[in-house]
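The values are calculated or read from the model by the stated rules, or taken from the named source; none is laboratory data. Note that the structure is predicted; figures quoted are calculated from it, not measured. No Cβ is skipped: glycine too gets one built from the backbone with ideal geometry, and neighbour counts run over all protein chains shown. Calculation scope for accessible area: heavy atoms of the full protein, side chains included, ligands and nucleic acids excluded. Shrake-Rupley method; radii C 1.70, N 1.55, O 1.52, S 1.80 Å.
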Amino acid sequence: SVKERDWCRDLTEETIVDAIAHYFSAAAESVSAGYRDYLVWQFITEATEYLEEIEQAEVRMYSSSLLLVYDANKAKYERLFPVDGDGNRKTRGFADRDCGSDDGEDVTDISLLDMKAIDFAHSHWVPGQGPDELYIAGIRKLIEILHSLLA
(Lines give C-alpha, C1' and ligand atoms only; values in the text may rest on other atoms or scores of the structure.)
Protein backbone atom coordinates (compact mmCIF):
# COMPACT_ATOMS: atom_id res chain seq x y z
CA SER A 1 0.00 0.00 0.00
CA VAL A 2 1.08 3.57 -0.60
CA LYS A 3 2.04 5.61 2.44
CA GLU A 4 1.81 9.37 2.88
CA ARG A 5 5.03 11.30 2.41
CA ASP A 6 5.44 12.14 6.11
CA TRP A 7 4.54 8.63 7.31
CA CYS A 8 8.19 7.78 8.02
CA ARG A 9 8.55 10.66 10.47
CA ASP A 10 6.30 8.83 12.93
CA LEU A 11 8.40 5.66 12.95
CA THR A 12 9.98 4.63 16.22
CA GLU A 13 12.49 2.02 17.28
CA GLU A 14 9.52 -0.26 17.98
CA THR A 15 7.75 0.27 14.64
CA ILE A 16 10.70 0.33 12.23
CA VAL A 17 10.91 -3.47 11.94
CA ASP A 18 7.27 -3.69 10.85
CA ALA A 19 7.80 -0.82 8.42
CA ILE A 20 10.78 -2.53 6.78
CA ALA A 21 8.85 -5.82 6.64
CA HIS A 22 5.97 -3.95 5.00
CA TYR A 23 8.37 -2.45 2.44
CA PHE A 24 9.47 -5.93 1.34
CA SER A 25 5.93 -7.35 1.35
CA ALA A 26 5.35 -6.06 -2.20
CA ALA A 27 8.06 -8.42 -3.44
CA ALA A 28 6.38 -11.36 -1.73
CA GLU A 29 2.92 -10.37 -2.98
CA SER A 30 3.81 -9.58 -6.59
CA VAL A 31 6.49 -12.22 -7.14
CA SER A 32 7.09 -14.70 -4.30
CA ALA A 33 8.34 -15.11 -0.75
CA GLY A 34 11.52 -16.57 -2.24
CA TYR A 35 12.10 -13.38 -4.19
CA ARG A 36 11.56 -11.31 -1.04
CA ASP A 37 14.19 -13.43 0.72
CA TYR A 38 16.56 -13.05 -2.22
CA LEU A 39 16.18 -9.25 -2.08
CA VAL A 40 16.70 -9.14 1.67
CA TRP A 41 19.89 -11.24 1.35
CA GLN A 42 21.17 -8.98 -1.41
CA PHE A 43 20.52 -5.87 0.71
CA ILE A 44 22.29 -7.51 3.66
CA THR A 45 25.27 -8.05 1.38
CA GLU A 46 25.19 -4.48 0.06
CA ALA A 47 24.76 -2.96 3.53
CA THR A 48 27.59 -5.10 4.91
CA GLU A 49 29.93 -4.00 2.12
CA TYR A 50 28.93 -0.37 2.67
CA LEU A 51 29.49 -0.76 6.42
CA GLU A 52 33.02 -2.04 5.81
CA GLU A 53 33.75 1.07 3.75
CA ILE A 54 32.14 3.60 6.09
CA GLU A 55 33.96 2.12 9.11
CA GLN A 56 37.18 3.36 7.48
CA ALA A 57 35.90 6.85 6.61
CA GLU A 58 36.47 9.86 8.83
CA VAL A 59 33.18 11.53 8.07
CA ARG A 60 30.04 12.66 9.90
CA MET A 61 26.85 11.71 8.09
CA TYR A 62 24.30 14.11 9.59
CA SER A 63 20.76 13.68 8.25
CA SER A 64 21.81 11.28 5.50
CA SER A 65 19.86 8.17 4.57
CA LEU A 66 20.21 4.84 2.85
CA LEU A 67 17.81 4.44 -0.06
CA LEU A 68 16.88 0.83 -0.81
CA VAL A 69 14.97 0.23 -4.04
CA TYR A 70 13.91 -2.94 -5.79
CA ASP A 71 11.91 -4.04 -8.79
CA ALA A 72 8.80 -6.10 -8.05
CA ASN A 73 8.27 -6.96 -11.72
CA LYS A 74 7.49 -10.67 -11.84
CA ALA A 75 8.31 -11.07 -15.54
CA LYS A 76 11.77 -9.57 -15.10
CA TYR A 77 12.43 -11.80 -12.09
CA GLU A 78 11.32 -14.92 -13.97
CA ARG A 79 13.51 -13.99 -16.94
CA LEU A 80 16.58 -13.53 -14.75
CA PHE A 81 15.95 -16.59 -12.59
CA PRO A 82 14.33 -19.37 -14.63
CA VAL A 83 12.91 -22.52 -13.06
CA ASP A 84 15.24 -25.52 -13.08
CA GLY A 85 14.27 -29.11 -14.00
CA ASP A 86 12.99 -29.74 -10.45
CA GLY A 87 10.63 -26.77 -10.55
CA ASN A 88 12.83 -24.64 -8.28
CA ARG A 89 13.75 -21.08 -9.10
CA LYS A 90 17.50 -20.52 -8.94
CA THR A 91 18.30 -17.17 -7.27
CA ARG A 92 21.69 -18.09 -5.83
CA GLY A 93 24.81 -17.73 -7.91
CA PHE A 94 23.40 -15.03 -10.20
CA ALA A 95 26.81 -13.44 -10.66
CA ASP A 96 28.24 -16.75 -11.89
CA ARG A 97 25.62 -17.52 -14.51
CA ASP A 98 25.70 -16.82 -18.21
CA CYS A 99 24.24 -13.35 -18.52
CA GLY A 100 23.05 -13.73 -22.07
CA SER A 101 19.49 -14.77 -22.84
CA ASP A 102 18.19 -16.87 -25.72
CA ASP A 103 17.01 -13.77 -27.57
CA GLY A 104 20.46 -12.13 -27.35
CA GLU A 105 19.49 -9.65 -24.62
CA ASP A 106 22.23 -8.93 -22.09
CA VAL A 107 20.48 -9.37 -18.76
CA THR A 108 23.34 -7.79 -16.83
CA ASP A 109 21.73 -4.46 -17.74
CA ILE A 110 18.57 -5.42 -15.84
CA SER A 111 18.96 -4.35 -12.24
CA LEU A 112 16.54 -5.72 -9.66
CA LEU A 113 17.77 -3.72 -6.69
CA ASP A 114 20.01 -0.89 -5.58
CA MET A 115 21.14 0.73 -2.35
CA LYS A 116 22.41 4.30 -2.29
CA ALA A 117 23.57 6.65 0.44
CA ILE A 118 21.67 9.93 -0.08
CA ASP A 119 21.16 13.38 1.48
CA PHE A 120 24.69 14.58 2.17
CA ALA A 121 23.90 18.30 2.64
CA HIS A 122 25.03 18.32 6.28
CA SER A 123 27.75 15.68 6.06
CA HIS A 124 31.43 16.56 6.23
CA TRP A 125 34.91 15.08 6.49
CA VAL A 126 36.54 15.05 9.93
CA PRO A 127 40.18 14.02 9.43
CA GLY A 128 41.75 12.56 12.56
CA GLN A 129 38.42 12.05 14.39
CA GLY A 130 37.63 8.53 13.26
CA PRO A 131 34.42 7.13 11.77
CA ASP A 132 30.87 8.19 12.63
CA GLU A 133 29.95 5.66 15.32
CA LEU A 134 26.25 6.63 15.36
CA TYR A 135 25.92 6.21 11.60
CA ILE A 136 27.73 2.88 11.84
CA ALA A 137 25.37 1.77 14.62
CA GLY A 138 22.42 2.62 12.36
CA ILE A 139 23.78 0.52 9.50
CA ARG A 140 24.45 -2.37 11.88
CA LYS A 141 20.86 -2.10 13.16
CA LEU A 142 19.55 -2.17 9.58
CA ILE A 143 21.54 -5.33 8.89
CA GLU A 144 20.17 -6.88 12.10
CA ILE A 145 16.60 -6.01 11.09
CA LEU A 146 17.10 -7.44 7.61
CA HIS A 147 18.41 -10.68 9.15
CA SER A 148 15.32 -10.81 11.39
CA LEU A 149 13.08 -10.75 8.31
CA LEU A 150 14.62 -14.04 7.22
CA ALA A 151 14.11 -15.79 10.59
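Among the residues of the range 18-33, the ones that are open to solvent by 50 Å² or more (accessible area, probe 1.4 Å) and within 23 Å of Y135 (Cα to Cα) come to 2 in all.
Could you pull out the residue among R36, R9 that is open to solvent by 40 Å² or more (accessible area, probe 1.4 Å), among the charged types (D, E, K, R) and touching a helix residue (DSSP H, G or I) at 6+ places or on another chain (Cβ under 6 Å)? Before you say what the answer is, go through the steps one by one.
Working: R9 fails: touching a helix residue (DSSP H, G or I) at 6+ places or on another chain (Cβ under 6 Å).
Residue meeting the stated conditions: R36.
What about I143, is it modelled with pLDDT of 90 or more, exposed (fewer than 13 other Cβ atoms within 10 Å of the Cβ) and touching a Ser or Thr at 6+ places or on another chain (Cβ under 8 Å)? So I143 fails the test.
Do you know which of the residues in the range 34-93 that are of a type in the set (K, R) and over 17 Å from the mean Cα position of the chain (by Cα) is farthest from H22 (Cα to Cα)? Walk me through it before giving the result.
Restricting attention to the range 34-93, the residues satisfying the condition of being of a type in the set (K, R) are 36, 60, 74, 76, 79, 89-90, 92.
Filter once more, keeping what is over 17 Å from the mean Cα position of the chain (by Cα): 60, 74, 76, 79, 89-90.
Details: R60: 30, K74: 18, K76: 22, R79: 25, R89: 24, K90: 25 Å.
Step by step, filter the range 34-93, then rank; the result is R60.
So if I check each of Y50, Y35, which one is within 14 Å of G138 (Cα to Cα) and of a type outside the set (S, T, N, Q)?
Y50 is the lone residue from the list that is within 14 Å of G138 (Cα to Cα) and of a type outside the set (S, T, N, Q).
Please specify each residue of the range 110-122 satisfying the condition of being exposed (fewer than 14 other Cβ atoms within 10 Å of the Cβ) and part of a strand (DSSP E or B). D114, K116, I118 - these are the residues of the range 110-122 that are exposed (fewer than 14 other Cβ atoms within 10 Å of the Cβ) and part of a strand (DSSP E or B). When the range 123-136 is examined, which residues are found to be open to solvent by less than 50 Å² (accessible area, probe 1.4 Å), out of contact with any strand residue (DSSP E or B) (no Cβ under 8 Å at 6 or more places or on another chain) and among the aliphatic types (A, V, I, L, M)? Across the range 123-136, the qualifying residue is only I136. Listed by first and then second residue, the pairs with beta-carbon distance under 7 Å, at least 6 apart or on different chains, first residue in the range 38-56 and more than 30 Å from N73 (Cβ to Cβ), second aliphatic (A, V, I, L, M) and part of a helix (DSSP H, G or I), are I54/I136; I54/I139; E55/I136.
Considering the conditions (1) under 19 Å from L150 (Cα atoms); (2) aliphatic (A, V, I, L, M); (3) open to solvent by 70 Å² or more (accessible area, probe 1.4 Å), I44 is excluded by exactly one of them, (3).
If you check A137 against the conditions, is it closer than 15 Å to T48 by Cβ and free of Cβ contacts under 8 Å to residues at least 12 places away in the same chain? Quick ask: steps written out before the conclusion?
Details: closer than 15 Å to T48 by Cβ: yes; free of Cβ contacts under 8 Å to residues at least 12 places away in the same chain: yes.
Taking the combined requirement at face value, the residue satisfies it.
Taking the condition among the hydrophobic types (A, V, I, L, M, F, W, C) and part of a loop (DSSP other than H, G, I, E, B), does A21 pass? For A21, the condition - among the hydrophobic types (A, V, I, L, M, F, W, C) and part of a loop (DSSP other than H, G, I, E, B) - is not met.
Table: residues versus (1) modelled with pLDDT of 85 or more; (2) under 20 Å from H147 (Cβ atoms).
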| site | (1), (2) |
| --- | --- |
| Y23 | yes, yes |
| E29 | yes, no |
| A57 | yes, no |
| R97 | no, no |
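Scanning the range 55-70 for residues that are open to solvent by less than 40 Å² (accessible area, probe 1.4 Å) and assigned to a loop (DSSP other than H, G, I, E, B) gives A57, M61, S64.
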